[in-house]
Amino acid sequence: MLQRNSSNDYAVLDLPMGLVVSLIIGSVCLLAILSLMLQASMIPGNLQVEIQPGYILLNDSNALVNVSVLVTDSTHHPIHNAIVIIRGYHCAVGNRTNESGYIVEQISPKMQPGLKETFLEITVQAKGFTDYQNPQGIRVLLSE
């Protein structure tokens, strides 16, 4: 006949209970870590930027040109309050997009002496998104 030792009974009962408690705590911790990792704010999205015009033909060195920029997310929803910066040789403008993800800026692009072509750089920044940067955002040509 099998004899029971009362001191071992508690040890055998504590072992499965300890495993169950450890498993529950581990599962809760894993769930918390996964939920933090999968939040949209933790994974930056990509910006979609549409620039008009794609090129500028300069006839006069003091010409003012309207440049429009539309900023949307990957599902084409407008991005409000995105910072748009347009930089070039002796010109720079910047502003925030409106509720429609849109801005229109007047710029007066300049051409470096001796060049007949240059580019304006476009930079866009928005919270929760990867920065957009295009060093050749708008082509500027000197008309002859």
Report the extension gain between N95 and K116 in nm, rounded to one decimal, defined as 0.36 nm multiplied by the number of residues separating them, less their alpha carbon distance.
4.7 nm
Point-to-point label distance, V20-E105, nm (Cα→Cβ direction, 7 Å offset):
6.4 nm
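Sorted by packing (mean other beta-carbon atoms within 10 Å per residue), highest first, where do 87-96, 67-76 land?
Packing order, densest peptide first, comes out as 67-76, 87-96.
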Per 0.36 nm of contour for each residue apart, how much would the distance between Q136 and H76 grow if the chain were fully extended, relative to their Cα-Cα spacing?
19.3 nm
What residue among Q136, Q112, V69 has its Cα farthest toward the positive end of the dipole of the range 48-142, where the charges are +1 on Lys, Arg and -1 on Asp, Glu, each on the Cβ?
Q112
With each pseudo-label sitting 7 Å past Cα toward Cβ, what's the S27-S68 distance in nm, one decimal?
5.6 nm
Across the range 52-58, in residue order, what do the Karplus-derived ³J(HN,Hα) couplings come to in whole Hz, using 6.51 cos²θ - 1.76 cosθ + 1.60 with θ = phi - 60° and x for Gly and Pro?
10, x, x, 8, 10, 9, 8
Pull out the extension gain between Q125 and E50, defined as 0.36 nm times the separation in residues minus the alpha carbon to alpha carbon distance; nm, one decimal.
25.6 nm
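Values quoted throughout were computed directly from the atomic coordinates according to the rules given, and no laboratory measurement underlies them. Just so it is clear, the structure is predicted and the values come from calculations on it, not from any experiment. Note that each Cβ is placed from the backbone with ideal geometry, even for glycine, and that neighbours are counted across all protein chains shown.
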